[in-house]
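See structure below.
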Amino acid sequence: DLAWCSYLFRPELPFIGQSGPDFQAALTQVETALSANADSAWFLPYQHPTIVDMQYVSHMERIVASALYFKGIDVRAEHPGIDRWLAAFEELPWYMATKGDYYTHCMDIPPQYGTPYPSKDQNAETYRALLSPSQFRLPVNFKKNAEPITEAQAKAPISQHFTEAAWSLIRNYEAVAIFSCRPTGSDVGDWARGNPAKARLADPYARYDERMLAPIDAILRTLSEAMLDQKSTPDLQQRLRRAAEASGLNGKKDRLQQASACLAYLRDRVGVPRDMSLPAARVLRTYLAEAALTIGPLS
């Protein structure tokens, strides 16, 4: 953890030592310890993980996610021994029930550890864009992505991921619609504003805008139907335009922009595994990103 913290939370300054090599050396030590066991993928020679593995894995999740997002370092690609170990964990259902995705980890790291120093090189900038839901666009691509899905998730029917995403909206639609209407309400962002020790995306005291509830509910229903049908961009845009018209939003510039902000607010707060699996989150975030992009320009 020390090498990671030095690398992530301290600026890279010339002439006084670089923390990047120390970070890579620490990863190599972990990989060497794993390779010493030829009997299994774990640290110790058992056919199941032990407390040693369990102690390490939650930290390694954060390390893998944050190194890619903030520094452009693909730990799993550069250290195949660590990748093999994590892949073995990903075959365990009880582990997958707790495993966060890269975006969720990187959004909750700052209030826990402090503000990271992101690299400004092109590689890091590219990875941040690839992992940021605001940049997602249809069609959903499960294979070409900065964060790989597991082998089991890749083998599952694609319709399963779309159905899970839609069901996650439908099963608690009233609460989700209310939550989505916070951006145009009151006290949004006040809880964490000016305090880096609080999660920027958390708004426990925000109040929703009741005026936006009906149109946002209609748009989320439209998105649920589109995901169940696995519709592409042109069809989704047509459905969204009809939903906006039926909700009385057409021609009302301010309301359309507010609706777009509500969809973006929800898009950026889909969490893994709290809300759904990574493939389903990728579906929902992508459809919400397309919806926000479609509704906004209608103004």
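Here is how the numbers come out for the structure above:
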| item | result |
| --- | --- |
| Carbon and sulfur %, accessible surface of region 159-282 computed with the full protein complex present, 1.4 Å | 48 |
| Carbon plus sulfur fraction of accessible area for region 1-148, probe 1.4 Å, in percent | 59 |
| Computed magnitude of the charge dipole of region 31-161 (debye, nearest 20; Cβ of K, R +1, Cβ of D, E -1) | 420 |
| Percentage relative contact order, region 22-118, counting C-alpha pairs under 8 Å, at least six apart | 25 |
| Cross-link partners of residue 155 among lysines (Cα-Cα below 28 Å; sequence separation of 8 or more within a chain) | 99, 143, 144, 231 |
| The chain - percent relative contact order, Cα under 8 Å, separation 6 or more | 18 |
| Surface accessible to a 1.4 Å probe, per residue, for the residues of region 244-293, Å² | 34 |
| Projected label distance in nm at residue 91 and residue 121, using a 7 Å step from Cα toward the beta-carbon | 3.4 |
| Helical contribution to [θ] at 222 nm, DSSP H n ≥ 4, -39,500 (n - 2.57), averaged over the chain, rounded to 500 | -18000 deg cm²/dmol |
| Segment residue 213-residue 32, length gained on full extension (0.36 nm per residue, minus Cα span) | 59.7 nm |
| Matching label, Cα extents along the principal axes in Å computed from the structure shown, candidates (i) 65, 45, 33; (ii) 69, 51, 37; (iii) 75, 43, 37 | (i) |
| Accessible area per residue, Å², region 15-168 with all protein chains present, probe 1.4 Å | 53 |
| Inter-label distance, nm, simple model (7 Å from Cα along the C-beta direction), residue 193/residue 5 | 3.2 |
| Extension gain, residue 175 back to residue 51 (0.36 nm per residue minus Cα-Cα distance, nm) | 40.8 nm |
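The values are calculated or read from the model by the stated rules, or taken from the named source; none is laboratory data. A quick note: this is a predicted structure, and the numbers were derived from the prediction, not measured. Glycine gets a Cβ as well: all are built from the backbone with ideal geometry, and neighbour counts include every protein chain shown. Side chains included, ligands, DNA and RNA excluded: accessible areas come from the protein's heavy atoms. Shrake-Rupley method; radii C 1.70, N 1.55, O 1.52, S 1.80 Å.
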